[in-house]
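Read the structure below first, then the notes.
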Protein chains: 2
Amino acid sequence: MRATVFHGPGDVRVEEVDRPELTGPDDAIVRITHTAICGSDLWFYRGDSDRETPSRVGHEPMGIVEATGEDVRRVREGDRVFAPFAIGCGECQYCRAGLPTSCEHGESWSDHGGAQSEYVRVPHADGTLVRVPDRYADDERALEALLPLTDVMGTGHHAARSAGVDVGSECVVIGDGAVGLCGVLAARRLGAKRIVAVGHHEDRLALAEAFGADATVDGSTREDPIERVKELTHGGVDHAVECVGAASAMETAVGVCRPGGTVGYVGVPHGMDGGFPIFEFFTDNVTLQGGVAPVREYADDLMADVLGGTLDPSPIFTKTVPLDDIAEGYRAMDEREAIKVLVRV
Amino acid sequence: MRATVFHGPGDVRVEEVDRPELTGPDDAIVRITHTAICGSDLWFYRGDSDRETPSRVGHEPMGIVEATGEDVRRVREGDRVFAPFAIGCGECQYCRAGLPTSCEHGESWSDHGGAQSEYVRVPHADGTLVRVPDRYADDERALEALLPLTDVMGTGHHAARSAGVDVGSECVVIGDGAVGLCGVLAARRLGAKRIVAVGHHEDRLALAEAFGADATVDGSTREDPIERVKELTHGGVDHAVECVGAASAMETAVGVCRPGGTVGYVGVPHGMDGGFPIFEFFTDNVTLQGGVAPVREYADDLMADVLGGTLDPSPIFTKTVPLDDIAEGYRAMDEREAIKVLVRV
């Protein structure tokens with residue numbers, strides 16, 4: 001089968017590899033039909049993070065169940081499924097507590113061949129896979145709207161939820177990448193009364209507005225986005241939704257928070273050596289809540305809204321490529337030509 | 001009058017200075033009878049923090065109202081009062097929201113002569129002063145138990161509360177200084193089922209046990225206090241009460257937290273340049289909550305328990321000095337001979 005293999009910064013290739021097989025009773029094999037390139041894939045692509053070479057990549061799988069081990073109960077051959085970026089057993093104390101990202105038996109897609117490929121082996125299939133109802137199994141519009149639930153939509157939701165966004169909240173979403181845009185959708189879905197989106201790209205901020213932002217602040221053209229947010233919000237907000245992970249974004253998040261407020265964060269912390277603004281949090285009793293998003297926990301609720309027609313994150317896919325052209329997808333995301341790339345397998 | 005003046009590291013002196021006078025309609029003048037030396041006073045005393053020299057010091061005043069401005073309504077001449085380490089107006093949005101440490105008109109005792117002196121001018125007297133009921137006004141035992149409410153008891157309470165300690169909680173309190181010991185008292189008062197105290201001094205950990213800790217871990221004799229706490233708690237706790245503020249204490253706090261848990265913190269962050277363990281928080285979705293403790297907000301509730309006889313933090317005062325000998329008090333705390341020093345004026 002074909003699979004995407006990372007060979008070094010700027011170098012991803014589709015290569016012929018062995019097709020995965022069932023190895024345990026709770027495994028499933030999924031034939032992938034849709035997957036995506038993630039902002040976090042750009043870290044190794046850009047050489048910003050270490051990663052073994054060659055190594056298989058991708059962590060946002062959607063497809064059709066091809067085979068299941070004898071203990072698998074919740075899905076069967078032919079089912080349309082997708083899976084979160086983190087593999088969880090579904091049965092340990094943390095999975096049951098809604099935190100499958102801390103699963104006691106957690107694994108990574110990288111250990112199982114990566115999801116940017118024709119097939120993937122899914123360990124803990126009952127805990128990991130989300131089954132799409134049959135009537136939507138081949139509904140292409142529904143599938144494109146569900147694909148972000150594998151990662152960015154659940155992540156944006158986790159950020160908004162961690163920030164305490166609720167009915168009537170006024171909040172600021174920091175970041176206009178795919179996660180930030182999903183954060184806007186999530187804040188609107190959670191009932192935010194007013195959403196200010198902070199980003200660095202005019203076109204992406206326009207999409208933030210289409211997703212429900214009431215106002216936007218473009219940090220690329222404003223000297224002090226924090227001051228502008230404060231003007232727009234009568235001095236700041238109680239809920240800052242941090243969707244980037246960089247030190248500067250964290251500074252903006254705590255900077256726009258009112259004393260006693262909460263920063264919800266989901267971006268993997270990077271560039272924070274010596275830069276985490278702990279003193280700003282401390283001085284004004286701003287709470288920091290969030291972390292790796294347990295998107296599996298949110299998948300069923302978010303799917304219900306997607307299938308019900310009230311949630312559609314698919315506009316974040318501004319480019320689609322076939323698997324064979326995935327290198328072009330990486331290039332387009334790296335050069336910010338595309339917000340997020342959908343890959344058809 | 002006499003007042004304590006800081007002249008440089010290791011050099012505090014009691015000197016004759018001008019007695020403060022009312023300068024505004026919401027001022028009060030308090031004749032101080034009791035005050036204390038704080039762990040944070042040791043920062044300038046040790047030269048670990050910059051402070052103007054000469055400057056007046058102290059921020060834990062208790063005494064008798066001597067005079068009030070014409071707008072002061074809640075206290076009058078002759079009342080027994082104490083005040084938190086932060087001055088708040090009591091009327092702005094943050095004071096009303098229970099966060100007087102972020103008061104829009106907040107001031108510092110240093111701006112008003114410091115509290116380690118015979119008299120102090122109290123701005124925003126109605127918002128700042130806590131009135132002790134008359135029947136306890138001269139009850140020396142009650143007064144010594146109330147004095148920690150000016151700072152460390154309210155701070156320990158804020159840490160426990162920020163960590164989410166509640167009825168039935170299992171928690172870890174990190175730090176065996178006055179704040180950590182008060183954190184143990186606070187956790188017990190909030191209903192914790194089981195408290196593990198982590199410190200570095202056998203005698204202080206013994207006091208932690210007297211205050212309600214079920215188990216103690218001495219980091220000075222154990223190579224890995226985190227592992228020991230995990231043994232004692234079947235893998236960690238949901239509530240870590242961080243009462244130090246150093247990077248190592250924060251690492252212990254997040255290290256003993258289970259995924260999805262909360263670190264409550266109140267120690268002014270120090271020594272964290274490059275050292276804040278953000279990745280540990282992120283990976284396991286551990287929440288960081290707390291900050292400068294709004295002790296004024298807690299004073300009435302804590303006072304009710306002190307006067308009712310169910311809360312007594314006074315054993316943290318292991319040494320008492322008269323104002324004239326305050327330099328000896330600083331020395332004793334600096335050399336860890338005393339946990340906390342009570343100063344009689």
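What follows draws every value from the coordinates through simple rules; no lab data is involved. As the structure is a prediction and not an experimental result, all values here were calculated from the model. Cβ coordinates were reconstructed from backbone atoms using ideal geometry, including for glycine residues, and neighbour counts include every protein chain displayed.
What order do you get for B:GLU118, A:GLU335 when you list them from fewest to most C-beta neighbours inside 10 Å?
By the 10 Å Cβ count, ascending, the order reads A:GLU335, B:GLU118.
How big, on average over all directions, is the shadow cast by the Cα convex hull of the stretch B:156-290, in nm²? Don't skip to the end; give the middle numbers.
Values: hull surface 27.2 nm².
If you wrap the Cα atoms of the stretch B:156-290 in a convex hull and average its projections, you get 6.8 nm².
Would you calculate, for chain B, the mean residue ellipticity at 222 nm contributed by helices, counting each DSSP H stretch of 4 or more residues as -39,500 (n - 2.57) and dividing by all residues, to the nearest 500?
The helix contribution divided over chain B gives -8000 deg cm²/dmol.
Taking all pairs of different Cα atoms in the stretch B:1-53, averaging 1/r and flipping that mean, what Kirkwood radius in angstroms comes out?
13.1
For peptide B:292-298, compute the average count of partner chain beta-carbon atoms within 10 Å of each residue's beta-carbon.
1
What list do you get for B:THR252, A:THR318 if you sort them by fewest beta carbons within 10 Å?
Details: B:THR252 26, A:THR318 17.
By the 10 Å Cβ count, ascending, the order reads A:THR318, B:THR252.
Pick from B:HIS124, B:HIS105, B:HIS34: which is most flexible by mean-square fluctuation in a GNM of chain B where alpha carbon atoms under 10 Å apart are linked?
B:HIS105
If you rank A:MET1, A:MET62 by fewest surrounding Cβ atoms within 10 Å, what's the result?
A:MET1, A:MET62
In 5 Å bins starting at zero, report the fraction of Cα pairs in the stretch B:254-343 per bin as a rounded %.
3, 11, 12, 12, 14, 17, 15, 10, 4, 1, 0
How high is the relative contact order of the stretch B:156-290, given as a whole-number percent (alpha carbon pairs under 8 Å, six or more residues apart)?
Values: 332 pairs, mean separation 35.4, N = 135.
With pairs under 8 Å counted, the relative contact order is 26 percent.
Provide, as a two-decimal number, the C-alpha radius of gyration of the protein assembly as shown over 2.2 N^0.38 Å, N being how many residues it has.
Numbers: Rg = 28.6 Å, N = 690, 2.2 N^0.38 = 26.4 Å.
Working it through for the protein assembly as shown, the quotient is 1.09.
Pick from A:GLY261, A:GLY219, A:GLY329: which is most flexible by mean-square fluctuation in a GNM of chain A where alpha carbon atoms under 10 Å apart are linked?
Its mean-square fluctuation being the largest, the pick is A:GLY219.
For the ranges A:238-245, A:72-79, A:168-175, what's the packing order if you count other beta-carbon atoms within 10 Å of each residue, average per peptide, and put the highest first?
Values: A:238-245: 29.5, A:72-79: 15.0, A:168-175: 26.9.
For the peptides A:238-245, A:72-79, A:168-175, the packing ranking is A:238-245, A:168-175, A:72-79.
For B:LYS193, give me every one of the lysines with a C-alpha distance below 19 angstrom, ignoring sequence neighbours fewer than eight places off in its own chain.
B:LYS230
Once you've got the GNM for chain A with C-alpha springs shorter than 10 Å, pick whichever of A:GLY267, A:GLY47, A:GLY177 has the biggest mean-square fluctuation.
Largest GNM mean-square fluctuation: A:GLY47.
Determine the principal axes of the Cα atoms in the stretch B:83-217, then give the extent along each, sorted from largest to smallest and rounded to whole angstroms.
Extents along the principal axes: 43, 34, 30 Å.
Mean separation of Cα pairs under 8 Å and 6+ residues apart, divided by the residue count of chain A: what relative contact order is that in percent? All intermediate terms of the calculation are to be shown ahead of the outcome.
Working: 868 pairs, mean separation 61.4, N = 345.
Answer for chain A is 18 percent.
So for the stretch A:260-345, averaging the separation of alpha carbon pairs under 8 Å that are six or more residues apart and normalising by length, what relative contact order in percent results? Working shown, then result.
Values: 78 pairs, mean separation 20.0, N = 86.
Averaging sequence separation for qualifying contacts and normalising by length gives 23 percent for the stretch A:260-345.
When the Cα atoms of chain A are enclosed in a convex hull and the volume is divided per residue, what value in Å³ results?
That works out to 126 Å³ per residue.
What is the sum of charges, Lys and Arg at +1 and Asp and Glu at -1, for the other residues whose Cβ falls under 11 Å from the Cβ of B:GLY291?
Numbers: positive: none; negative: A:GLU280, A:ASP284.
Charge balance near B:GLY291 sits at -2.
To the nearest whole number, what is the average tally of beta carbon atoms from other chains within 10 Å of the beta carbons of peptide B:1-7?
Neighbouring Cβ atoms belonging to other protein chains average 0 per residue here.
Considering every pair of different Cα atoms, what Kirkwood radius, in Å, is found for the stretch B:1-148?
About 15.6 Å for the stretch B:1-148.
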